[in-house]
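Asks: I have a structure I would like to understand better, so I am pasting it below and will then ask my questions one at a time.
What follows draws every value from the coordinates through simple rules; no lab data is involved. Predicted, not measured: the structure shown is a model, and the values here were computed from it. All Cβ positions, glycine included, derive from the backbone under ideal geometry; neighbour counts span all protein chains shown.
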Amino acid sequence: MESEHFLVPYNKKIDLRSYDPGYTGDFKHKKEAKKKLQDDIKKLIQLQDVLYASNTYGLLIIIQALDAAGKDSVIKHVMSGVNPQGCQVLSFKAPSTEELNHDYLWRCLKSTPEKGKIGIFNRSYYEEVLITRVHPDLLDKEKLPPYKDLQSLITERFEEINHFEKYLIKNGIILLKFFLNVSKKEQKDRFLKRINLPEKNWKFSLTDVKERAHWEDYINAFEDVFNNTSTKNAPWHIIPADNKWFTHTVIADIIVKKLKELNLKYPEVSEEHRKEIMKVKEILEGE
């Protein structure tokens, strides 16, 4: 699978509407994709173990999307086999009073993964250049110093985010940024499923449908995000999301490839430590 197909280039502008949410690559059958997903989950289990043991890098996975694109589903299926001790998932909802009393990056900065661990952000600091652009009145709650205008503020935040991500990378935190690209029709079908199936009712929110009315505004905002924050070392990936089985397969493939690129190995023990281990081995075998 060519993961480069989903990369947002860092040196030219893209048109988000030209990306096909229903794309399924070379897979002819759903079973083929699921087989690859299971193979990659096994690889991910091994790679996470080495990541944890080497304690040199951390991996931060950021997932952004419109409502009903399948963020929870990705986390559930792709990360199904990882060791919970080495993985943390955070869902960023509307900021609390405490969070609003800090800068907009604060709540995410303090939640970045430790070295050796995988952190997953279900939404992230990117909300501050997405929802605040569509609903600028939310900025009033942030008690900001005077600023020129909304576009100037958003442009400044793009620059701050790029610097922040560069800082994380220089300190050993690898970033993978995924946008789940769902079509408006598929979103509608998923909303109706949440309404029609009693066991899905809990997932339905009237707010989600209200936000659907701002579809074009969000598409424009996301496109602006990609064109300003897809950098060489922290590029965005636009993942087709109309077929969840394909979404899961692509994301697992990209994560596995990124961890392989790190070329991590288990730590080697010192000669003195090795001698101690052999002594203990002799004692245990002599019991």
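Asks: With the chain treated as a Gaussian network of Cα nodes joined by springs under 10 Å, which of 262, 144, 176 yields the largest mean-square fluctuation?
Replies: Answer for the Gaussian network model of the chain: 144.
Asks: So, one more: Along the Cα→Cβ direction, 7 angstrom out, place labels at residue 106 and residue 220. What is the inter-label distance in nm?
Replies: 3.2
Asks: Measure nothing but the geometry: give the 0 to 90° angle between the long axis through the Cα atoms of 184-196 and the longest principal axis through the Cα atoms of the chain, rounded to 10°.
Replies: With both axes taken from Cα atoms, the answer is about 80 degrees.
Asks: Averaged across orientations, what area in nm² does the convex hull of the alpha carbons in the range 3-285 project?
Replies: Across all orientations, the range 3-285 yields a mean hull projection of 19.5 nm².
Asks: Considering only 146, 202, 121, whose Cα is most displaced toward the positive end of the charge dipole of the chain, charges sitting on Cβ of Lys, Arg (+1) and Asp, Glu (-1)?
Replies: Checking the options against the dipole of the chain, the answer is 202.
Asks: Rank the residues 52, 167 as a footprinting-exposure proxy: fewest other Cβ atoms within 10 Å of their Cβ go first.
Replies: Fewest to most other Cβ atoms nearby, the residues stand as 167, 52.
Asks: At most 13 other C-beta atoms within 10 Å and a DSSP loop state: those are the exposed trypsin sites (Lys or Arg not before Pro) I care about. Give me the longest piece of the chain that has none.
Replies: Answer - 149-231.
Asks: Could you work out how much longer the chain between residue 4 and residue 285 gets when fully extended? Use 0.36 nm per residue separation minus the Cα distance between them, nm to one decimal.
Replies: 95.9 nm
Asks: Let me ask something additional. Choose one of 62, 80, 29: the residue whose Cα lies farthest towards the positive end of the charge dipole of the range 25-108 (beta-carbon charges +1 Lys, Arg; -1 Asp, Glu; about the Cα centre).
Replies: Going by the charge dipole, the pick is 29.
Asks: Provide the percentage of antiparallel DSSP beta bridges, counting only those with both residues in the chain; round to the nearest 5.
Replies: 5
Asks: For the chain, set up a GNM with springs between Cα atoms under 10 Å and report which of 213, 221, 53 has the largest fluctuation.
Replies: Among 213, 221, 53, the largest mean-square fluctuation in the Gaussian network model of the chain belongs to 213.
Asks: Could I ask something else about it? Taking the chain as the reference, fit the longest principal axis to its C-alpha atoms, fit the long axis of helix 244-261 to the helix C-alpha atoms, and give the angle between the two in degrees, 0 to 90, nearest 10.
Replies: It works out to around 50 degrees.
Asks: Considering only 19, 266, 104, give the residue with the highest GNM mean-square fluctuation for the chain, with springs between Cα atoms whenever their separation is below 10 Å.
Replies: The residue with the greatest mean-square fluctuation here is 266.
Asks: Sticking with the crude label model, points 7 Å out along Cα→Cβ, report the distance from residue 149 to residue 42 in nm, one decimal please.
Replies: Placing both labels 7 Å beyond Cα along the Cβ direction yields 5.8 nm.
Asks: Spin-label point model (7 Å from Cα, Cβ direction): what's the residue 30 to residue 163 distance in nm?
Replies: Rounded to a tenth, the inter-label distance reads 4.8 nm.
Asks: Quick check: residue separation of residue 96 and residue 142 times 0.36 nm, minus the Cα distance between them. What number comes out in nm?
Replies: Value of the extension gain: 15.5 nm.
Asks: Dipole of the range 3-285, Cα-centred, from +1 at each Lys and Arg C-beta and -1 at each Asp and Glu C-beta, to the nearest 20 debye?
Replies: Dipole about the Cα centre, nearest 20: 900 debye.
Asks: Another question about this same structure. In whole angstrom, note down how far apart the Cα centers of the range 221-276 and the range 122-200 are.
Replies: Here the answer is 20 Å between Cα centres.
Asks: Compute the length gained on full extension between residue 135 and residue 205: take 0.36 nm times their separation in residues and subtract their Cα-Cα distance, giving the result in nm to one decimal.
Replies: Working it through step by step, the gained length comes to 23.4 nm.
Asks: A follow-up question, please. Relative contact order, percent, of the range 3-285 when contacts are C-alpha pairs under 8 Å separated by at least 6 residues?
Replies: 35
Asks: Treating only the Cβ of Lys, Arg, Asp and Glu as charged (+1, +1, -1, -1), what charge dipole size does the range 111-183 show about its Cα centre? Round to the nearest 20 debye.
Replies: 340
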